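These notes are about the structure you will find just below.
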Amino acid sequence: MSTPTHDVAIIGGGIVGLATAYNLTQRDPDLKVTILEKEAQLAHHQTGHNSGVLHSGIYYKPGSLKAINCRAGKAAMQAFCDEHDIPYKLCGKVIVATHERELPKMQDIYERGQANGVSCELISAERCKEIEPHAASIGAIHVPEAGIVDYKQVCEKMAELMRDAGHGVRTSAKVTAVRRVGDESVVETTGGEVNAKLVVNCAGLQCDRVTKMTGVKPAAQIVPFRGEYFDLKPEAEHLCKTLIYPVPDPAFPFLGVHFTSMIHGGVECGPNAVLALGRECYGKFQVHFPDLFESLTYGGFLKMAAKHWKMGLGEMWRSYSKKAFVKALQRLMPEIEAKHLTPCPSGIRAQAVTADGGLVDDFLIDEAAGVVNVNNAPSPAATASLNIGKLIAEKLETRLG
């Protein structure tokens, strides 16, 4: 007996995969869509370790996929949360300059925000103190529309809507092969085969490997970076009221250590960014040797490391020295001490790196026969997910007829 045919099989049950499924089924309720997630639960990796920030889109180059999708995606995310009674809070954010050399970069970020339509303003150190009394600054950008939400809760609601509408949400279904047979793809998983007219690869940390399964050479390889965080102990939570970020280094696609108020209470601070010893190795000393070997022998990683070695050493030092981590936090908040911090779970970022050592900073969505591969979806992918899903659904619409 033949396997039932689906219109679309989506590989990856994180927020981008679920948002794509949601968009497809909203546009055409008659489509038969199934999600394939290798873990026993959805949103287990990048989405589940997300700090929950609703990004405004202030950092991104005007006209880039990040800028366009972040702005539209944030509005769509807030509308989705309103419709389904998911709590979120527009708590606001300050991006603080702590040294005069950062002022030109801060001005550039402000101008990007203006170009992207972000509600933001340059404020004095005195005004920053009114918003965040314990933050250090010589000037800042205030972004009142930035917010916080629980993205796992968003994913659970999307999955619930999918199941209620009769679509498939399969967990413990690791994809092992993808074969194109005529006008369909056969997706082999540890939970059985799925036949589908079209396949969407939203596999996150494994996206380049799945891309290869579809017969396409990815434009970049995923190099995993582990971000380590601390929680502020309850007696120190008053030190941060909203979101406090530094002025980032424009040459590096990480925003630096920062303070994040959480939607369910508490304050998280971090992350640093160090090479993970495996694509899913969250522990500092957890190693997956095949993954590590792949990263260390990839020419693109070696070129990137040679270019950014000084910053990389600093990140590694902060990983092994709590004192150094605290010192980095004290640039933003001088009152912070080691006694205020307690470790919390790490996250891993799937960073696409090109063969010449370039860090892919924008979303990367590639199309081929029968497949759409999302080959890079870094922050603000969670914020932008509903619009990324809409973009993918539009790409598939003409193929589905």
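FYI, it's all coordinate maths here, none of it is from the lab. Every value quoted in this text rests on a predicted model; they were computed, and no experiment measured them. Please note: Cβ atoms are built from the backbone with ideal geometry, for glycine as well, and neighbour counts cover all protein chains shown.
With contacts taken as Cα pairs under 8 Å at a separation of at least 6 residues, region 93-144 carries a relative contact order of 52 percent.
What is the calculated FRET efficiency for Glu188 to Leu313, with r their C-beta to C-beta distance and R₀ = 60 Å, to the nearest 0.05? Step by step, r from the Cβ atoms, then E = 0.90. Structure shown: which of Lys105/Lys390; Lys89/Lys327; Lys66/Lys105; Lys32/Lys174 lie over 22 Å apart, alpha-carbon to alpha-carbon? Check vs 22 Å cut-off fails for Lys105/Lys390; Lys89/Lys327. Once you have the Kirkwood Rh of region 93-144 from its Cα pairs, apply Stokes-Einstein at 25 °C and 0.890 mPa s and quote D in µm²/s. The Stokes-Einstein estimate is 226 µm²/s. Projected area of the chain, taken from the Cα convex hull and averaged over every viewing direction, in nm²? With every direction weighted equally, the projected area is 19.1 nm². Do you know the relative contact order of region 49-161, to the nearest whole percent, from alpha carbon pairs under 8 angstrom that are 6+ apart? It rounds to 37 percent for region 49-161.
For region 282-401, averaging the sequence separation of C-alpha pairs within contact (under 8 Å, six or more residues apart) and dividing by the residue count gives a relative contact order of 22 percent. The Stokes-Einstein estimate for region 333-383, based on a Kirkwood radius over Cα pairs and taken at 10 °C with 1.306 mPa s viscosity, is a diffusion coefficient of 110 µm²/s. For region 1-44, evaluate the Debye formula with one uniform point scatterer on each Cα (no solvent term) and list log10 I(q)/I(0) at q = 0.31 Å⁻¹, rounded to two decimals. The computed values of log10 I(q)/I(0) come out as -1.07. Think of the chain as a dipole: +1 on every Lys or Arg Cβ, -1 on every Asp or Glu Cβ, centred on the Cα centre; then among Val53, Ala9, Ile336, Ile336 lies furthest on the positive end. When the Cα positions of Asn116, Ala136, His99 are compared along the charge dipole of region 93-144, Asn116 comes out farthest toward the positive end, with charges on each C-beta of Lys, Arg, Asp and Glu. As a test of the formula, what do you get for the chain when each DSSP H run with n ≥ 4 contributes -39,500 (n - 2.57) and the sum is divided by the residue count, at 222 nm and rounded to the nearest 500 deg cm²/dmol? Result for the chain, helices only: -10000 deg cm²/dmol. Relative to the Cα centre, the charge distribution of region 287-368, modelled as +1 at Lys and Arg Cβ and -1 at Asp and Glu Cβ, gives a dipole magnitude of about 720 debye.
On the principal axes of its alpha-carbon atoms, region 133-198 has extents of 62, 27, 22 Å, going from largest to smallest. Under the simplified labelling scheme, the Glu126-Glu280 pair shows an inter-label distance of 5.5 nm, with each label point 7 Å from Cα along Cα→Cβ.
Taking 37 °C and 0.692 mPa s as conditions, region 250-334 diffuses translationally at an estimated 225 µm²/s according to Stokes-Einstein applied to its Kirkwood radius (Cα pairs). Once the convex hull of all Cα atoms in region 186-337 is built, its volume per residue stands at 174 Å³. Which value in nm describes the separation of the simple spin-label points at Thr5 and Lys105, placed 7 Å from the Cα toward the beta carbon? With each label placed 7 Å out from Cα toward Cβ, I get 5.4 nm. Quick one: which of Lys61/Lys322; Lys74/Lys310; Lys38/Lys284 span more than 26 angstrom between C-alpha atoms? Those over the limit are Lys61/Lys322; Lys74/Lys310.
Rounded to the nearest 20, the Cβ-based charge dipole of region 93-144 about its Cα centre (Lys and Arg +1, Asp and Glu -1) stands at 100 debye.
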